[in-house]
Amino acid sequence: MDQITGASTATRIRAGEERDLEQLTDLYNHYVTSTPITFDIEPVRAADRRRWLADHPATGRHRLLVAEEAGTVLGYATSGPLRPKRAYETSVETSIYLAPGRGGRGLGSQLYRALFEALAGEDVHRAYAAITLPNDASLRLHERFGFRPAGVHREVGRKFGAYWDVAWLEKALPDASGRPSSG
């Protein structure tokens, strides 16, 4: 996939694998317990995430890409189903999670670039992202990748004793031939 080189280390972006499951779960649980970014309230177990991992194969619309350095997962980006009904299958919801302290260094951009390159050959028409507000860094990242506002759900989730708004963003993707889709 992609390689980001630093002074003495190299970060590799690749498809997520079973061996990543514990680290991916720990990374996600940081956001569960410390932030409103995800609306999960209780930490999840790796065993509970096994199905999630299986739902993100190395090919197809629903991907999981991992940024890894010397065996340590630094972050991940996913595309998954927007809604369960079949008519939605050409729309995906994307998300990105970085390990604490890894933001602001271009890692999120590298992950998203690799994700959208992987999706370029798939039958995907639109990508959507749901961002708990406030989250200026995530909004900027998505804007850099061509996402545009699609609406805000006000006070849609309650976590840590507060109600949170969620901004929805959308991005038109090129069709399988590489032609830009409308919108």
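Filter region 114-129 for residues that are open to solvent by 40 Å² or more (accessible area, probe 1.4 Å) and aliphatic (A, V, I, L, M) and give the result. The one that is open to solvent by 40 Å² or more (accessible area, probe 1.4 Å) and aliphatic (A, V, I, L, M): 120.
Per-residue answers, yes or no, for (1) of a type in the set (D, E, K, R); (2) touching a residue at least 40 places away in the same chain (Cβ under 8 Å); (3) outside any helix (DSSP H, G or I):
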| residue | (1), (2), (3) |
| --- | --- |
| 104 | no, no, yes |
| 109 | no, no, no |
| 129 | no, yes, yes |
| 158 | yes, no, yes |
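So which residues in region 68-101 are in a strand (DSSP E or B) and over 18 Å from residue 145 (Cα atoms), if there are any at all? Residues satisfying the conditions are 68, 69, 72, 73, 74, 81.
Taking residues in region 26-53 that are under 13 Å from residue 132 (Cβ atoms), and partners anywhere that are among the β-branched types (Val, Ile, Thr) and not in a helix (DSSP H, G or I), the pairs with Cβ atoms closer than 6 Å and at least 6 places apart or on different chains are 31/37; 31/38; 32/38; 36/132; 37/132.
The values are calculated or read from the model by the stated rules, or taken from the named source; none is laboratory data. What you see is a predicted model, and the numbers here were worked out from it, not measured in a lab. Here Cβ is always computed from backbone atoms with ideal geometry, including for glycine, and neighbour counts include all displayed protein chains. Calculation scope for accessible area: heavy atoms of the full protein, side chains included, ligands and nucleic acids excluded. Shrake-Rupley method; radii C 1.70, N 1.55, O 1.52, S 1.80 Å.
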